[in-house]
Amino acid sequence: MRIQPVVAAACRQRGAPNEITIENKTYATDSWTNTPPSILAAIPRRLHLQPNHPLSITRQLIESRFPTYETHNNLFPVVSVAQNFDSLGFPLDHVGRSKTDTYYINSSTVLRTHTSAHQADTFRADTSPGYLISADVYRRDAIDRSHYPVFHQMEGARTWDRNNLAQFSSLEDAIWADVHAIPKHSTDVIQVSDPNPTYDADRNPLQPGHSAAEIEAVAAHLKRSLEDMVVTIFTSARSATSASPDQQQEPLKVRWVEAYFPFTSPSWELEVFWQNDWLEVLGCGVVQHSILSSAGVPSKLGWAFGLGLERIAMLLYGIPDIRLFWSTDPRFLSQFNENEQIRRFTPFSKYPACIKDVSFWLPKETKEVDVKDPRSDSDVTPAGGLTSPSTPASSVSATTTSNAFHENDVMEIAREVCGDLIEDVRLVDEFTHPKTGKRSLCYRANYRSLERTLTNEETNELHERFTGLLVERLGVELR
């Protein structure tokens, strides 16, 4: 059985390029439209809601540590540019707004690139002091075993209202009362390193209008909540990997690291020492007051965090390739049960790879857009968006034009042709001709099915179609 997206009638391109219909909602297309049918076909899958799916089990495990928080797990993935970017303060020239990074339905509508596209609306609705959002998110990205154009994020937030202190004399007193209600684990269970002050005027500043006492209390609530969550996650992971689950375990080691996210301040990343290395698990911080104020709740103060569900599930189960989450093969799906203890994934086979290179000259007039996204390789998602996009790429055009080359365009063509039969595409060589100034790039494509052996005939045909579309769409000259 091949791994393929389920092509649902609910998501179809009809009369392209005039309109796109997604689950009975129709959108006009325009020059910004760049969402292919293969991505639209993934929308109905909603893996994080499928019973006994590892992403759904991971979601439920995290939700279990926030029992009083309101959950939002079925929010529609098509959002406005204002929701996805403007409400969070993305600069107009930020790389995330580019067609090279984001799937546009049209110039004013996108497939959400992060769960935080719903953050302002959730704050505005103000139906609960704490909430969790889990959702499928969409992003043009690299092809490798840890990246996929559709993945899943979870974010959470907790706020307090200065105008509703109940019996407490101050906001910090109200917050500290809630801190004391959170389970606190002994040093036999978790050892926490947190060497830096809660805030620093230069590195991790307080926001105007926030007092030091308030932020000390908010930070304590945030960190205690997330430490409790990671204890649950990594205890489950240890049980899955241990030959004797009941044996005494070493304390879990975690550390708080100062960070920068445009949507929180102060901000932190939480790292866990796992399998002899420090693993970045999540990003978090004190929500920027401008977001709360714009959402119509200026009297509120609070924190938010974000993480990637695939990242946690791969760690929990030892799943080696992100493509497996989309498999419908019973050999994969039958290994997971939400009513049983988490067990390590058992690979059902390792099929051989077929590696092929493609080298090409870029058109001489082509401007090569920086192929390194400042959000890098992390899945960590702070409040307000994916990883820390600390450097808005002002030099990068907001659109993809015929004379601009971006590596994500190569990846998108590879995915369109090969689907999940391609495991990895990476740049392995580059060369500038000393006389002509023409630039040459060489990409290595690793073809491998997770469910069967590919024939040479199949891979040759895939590679021929891949290289042909590179020439047709990007105007490159094969070497």
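The values are calculated or read from the model by the stated rules, or taken from the named source; none is laboratory data. Since the model is a prediction, treat every value here as computed from it, not as a measurement. Cβ placement follows ideal geometry from the backbone for every residue including glycine, while neighbour counts extend to all protein chains displayed. Keep in mind that these areas ignore ligands, DNA and RNA; they rest on the heavy atoms of the full protein, side chains included. Shrake-Rupley method; radii C 1.70, N 1.55, O 1.52, S 1.80 Å.
Gln288 meets all of the listed conditions (1) surrounded by fewer than 22 Cβ atoms within 10 Å (Cβ to Cβ); (2) over 30 Å from Ala82 (Cβ atoms) but one, namely (2). Annotation note: Cβ proximity below 7 Å between a residue of segment 248-272 that is assigned by the TED database to the domain that holds Thr198 and modelled with pLDDT of 95 or more and a residue that is of a type in the set (Lys, Arg) and outside any strand (DSSP E or B) (sequence gap 6+ or interchain) occurs for Trp256/Lys223; Glu258/Arg203. Listed by first and then second residue, the pairs with beta-carbon distance under 6 Å, at least 6 apart or on different chains, first residue in segment 170-187 and in a helix (DSSP H, G or I), second surrounded by fewer than 16 Cβ atoms within 10 Å (Cβ to Cβ), are Leu171/Arg162; Glu172/Ala213; Ala174/Leu165; Ala174/Phe168. Just to be sure before I move on: is Thr198 modelled with pLDDT under 95 and assigned by the TED database to the domain that holds Leu132 in the structure I sent? So Thr198 fails the test. Can Gln191 be described as open to solvent by 70 Å² or more (accessible area, probe 1.4 Å) and under 17 Å from Val231 (Cα atoms)? In short, yes.
Residues checked against (1) over 22 Å from Met229 (Cβ atoms); (2) touching a Cys at 6+ places or on another chain (Cβ under 7 Å); (3) in contact (Cβ under 8 Å) with a residue 12 or more places away in the chain:
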position	(1), (2), (3)
Gly296	yes, no, yes
Gly302	no, no, yes
Phe305	no, yes, yes
Leu324	yes, no, yes
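Residue count for segment 258-284 under the criterion of being in contact with a Cys (Cβ under 9 Å, 6 or more places away or on another chain) and open to solvent by less than 10 Å² (accessible area, probe 1.4 Å): the result is 5. For segment 198-208, a tally of residues being open to solvent by 70 Å² or more (accessible area, probe 1.4 Å) and either within 29 Å of the chain's Cα centre (by Cα) or in contact (Cβ under 8 Å) with a residue 24 or more places away in the chain (or both) returns 4. For segment 306-325, what are the residues that are under 17 Å from Tyr447 (Cα atoms) and either touching a Lys or Arg at 6+ places or on another chain (Cβ under 7 Å) or among the aliphatic types (A, V, I, L, M) (or both)? Pro320, Asp321, Ile322, Leu324, listed by residue number. Scanning segment 183-205 for residues that are of a type in the set (Asp, Glu) and out of contact with any strand residue (DSSP E or B) (no Cβ under 9 Å at 6 or more places or on another chain) turns up Asp188, Asp202.
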